[in-house]
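Everything below concerns the one structure shown next.
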Amino acid sequence: DTGVSQNPRHKITKRGQNVTFRCDPISEHNRLYWYRQTLGQGPEFLTYFQNEAQLEKSRLLSDRFSAERPKGSFSTLEIQRTEQGDSAMYLCASSPGGTGEGSGYTFGSGTRLTVV
Amino acid sequence: QKEVEQDPGPLSVPEGAIVSLNCTYSNSAFQYFMWYRQYSRKGPELLMYTYSSGNKEDGRFTAQVDKSSKYISLFIRDSQPSDSATYLCAMRSGSYIPTFGRGTSLIVHP
């Protein structure tokens, strides 16, 4: 297992188009998180899954955003009708829960979205 | 006021210097504290993870937590050019979702 994998690494899209990102967590991790990071800022929480259940969503996650984790393994984040303000790095993280929660919290390399 | 405050820098130091990075926070419920290193266009990488107050050392890195002052620090000894990156502090309460600072940009010049 090589860690948390995110695809694509970069995405350029025209305003108004839909985009979908994929995250493959570390295989034994049952928790998966999505964050958004803009230049000069720390990651901002978007949503969190435990197995296939989406347990929490940030108010940052507008109606245009939807995330799924259908079988408790990989996850997708879709943005509909993209806006220029959606341009950011979208980060995925996974964690094992239990006593390993803190030290096992691992990020992927992110998907950089540019909306033109 | 943000829950976690962190000076964005940049902080520029010569190779071999001791670096001190700091964060303050306002939420007294935070009890787990982390430091991440993030290279340009990469995801954050966990450096240090501590619970409650005290010190933790790992190689050239030392993390300090002072819960009474709501202040955490990361010290880097014998800094190297390869340490040049953005350092993010993060903290959480009993929930699983950490709150991040905005990061401090560190430049270690030869």
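The values are calculated or read from the model by the stated rules, or taken from the named source; none is laboratory data. Predicted, not measured: the structure shown is a model, and the values here were computed from it. Backbone-built Cβ (ideal geometry, glycine too); neighbour counts: all protein chains shown.
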### Residue check, A:Thr13 β-branched (Val, Ile, Thr) and buried (at least 19 other Cβ atoms within 10 Å of the Cβ)
no
### Task
Hey, could you check the stretch B:38-61 for residues that are buried (at least 17 other Cβ atoms within 10 Å of the Cβ) and in a strand (DSSP E or B) and say which is farthest from the other protein chains (Cβ to nearest Cβ)?
B:Phe61
### Message
Could you tell me how many of the residues in the stretch A:25-37 are more than 10 Å from every other protein chain (Cβ to nearest Cβ) and more than 10 Å from the chain's Cα centre (by Cα)?
### Response
6
### Task
Among the numbered conditions (1) away from every other protein chain (no Cβ under 11 Å); (2) outside any loop (DSSP other than H, G, I, E, B); (3) of a type in the set (A, V, I, L, M), tell me where B:Met91 comes up short.
(1)
### Query
Quick one: in the stretch B:85-107, which of the residues that are among the aliphatic types (A, V, I, L, M) and buried (at least 23 other Cβ atoms within 10 Å of the Cβ) is nearest to B:Gln38 (Cα to Cα)?
B:Leu88
### Task
Hey, could you check the stretch B:1-37 for residues that are crowded, with 20+ Cβ neighbours inside 10 Å and part of a loop (DSSP other than H, G, I, E, B) and say which is modelled with the highest pLDDT?
B:Gln6
### Query
What number of residues within the stretch A:16-33 satisfy the criterion of being within 16 Å of A:Asn51 (Cβ to Cβ) and surrounded by 15 or more Cβ atoms within 10 Å (Cβ to Cβ)?
9
